[in-house]
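Participant: One structure is given below, represented as structure tokens, and several questions about it will come after.
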Amino acid sequence: MKNKLEKWTVDELMSMICTIAILKYDGHFSILSFTNHYKGGFDTYTERDDINNLPTYSTLKELLIEMIKPEII
């Protein structure tokens, strides 16, 4: 499935993230953009330690794919 997700556009991946969030997480997800990386997940992150512990991704597309993969496998 990973190879198929890499062919999706960011808009398509975001649509899937929204669907997963609604169906499984009461609509909650967070995407954080920093100077040179992204972090995120299906939660609301407010504490610095929680944010620091999230994995780092170099592109938004990479983050979205990594958020989706465990939800569909």
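Participant: Counting just the residues of the stretch 59-73 that are charged (D, E, K, R) and touching a helix residue (DSSP H, G or I) at 6+ places or on another chain (Cβ under 7 Å), which one comes out farthest from PHE34 (Cα to Cα)?
Facilitator: GLU71
Participant: Suppose the filter is touching a Leu at 6+ places or on another chain (Cβ under 6 Å) and in contact (Cβ under 8 Å) with a residue 60 or more places away in the chain; does ILE73 pass it? Write out each step before concluding.
Facilitator: Details: touching a Leu at 6+ places or on another chain (Cβ under 6 Å): no; in contact (Cβ under 8 Å) with a residue 60 or more places away in the chain: yes.
It is false that ILE73 is touching a Leu at 6+ places or on another chain (Cβ under 6 Å) and in contact (Cβ under 8 Å) with a residue 60 or more places away in the chain.
Participant: So which residues in the stretch 7-25 are surrounded by 12 or more Cβ atoms within 10 Å (Cβ to Cβ) and outside any helix (DSSP H, G or I)?
Facilitator: Hits for the stretch 7-25 are TRP8, TYR25.
Participant: With respect to the numbered conditions (1) touching a Leu at 6+ places or on another chain (Cβ under 7 Å); (2) hydrophobic (A, V, I, L, M, F, W, C); (3) in contact (Cβ under 8 Å) with a residue 40 or more places away in the chain, which one is the sole condition not fulfilled by LEU60?
Facilitator: Here LEU60 clears every test but (1).
Participant: Separate question: Do you know which residues across the stretch 26-54 are assigned to a loop (DSSP other than H, G, I, E, B), closer than 19 Å to MET16 by Cβ and either among the charged types (D, E, K, R) or touching an Asp or Glu at 6+ places or on another chain (Cβ under 7 Å) (or both)? Show your work before the answer.
Facilitator: Restricting attention to the stretch 26-54, the residues satisfying the condition of being assigned to a loop (DSSP other than H, G, I, E, B) are 26-29, 34-37, 42-47, 53-54.
Now drop any that are not closer than 19 Å to MET16 by Cβ, which leaves 26-29, 42-43.
The answer is ASP26, HIS28, ASP43.
Results for (1) surrounded by 10 or more Cβ atoms within 10 Å (Cβ to Cβ); (2) at pLDDT 95 or above, shown as yes or no for each residue.
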| site | (1), (2) |
| --- | --- |
| PHE29 | yes, yes |
| HIS37 | yes, yes |
| GLY40 | yes, yes |
| THR44 | yes, no |
| ASP49 | no, yes |
| LEU54 | yes, yes |
| LEU63 | yes, yes |
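The values are calculated or read from the model by the stated rules, or taken from the named source; none is laboratory data. Since we're looking at a predicted model, the values are computed, not measured. Note: ideal-geometry Cβ built from the backbone for every residue, glycine included; neighbour counts use all protein chains shown.
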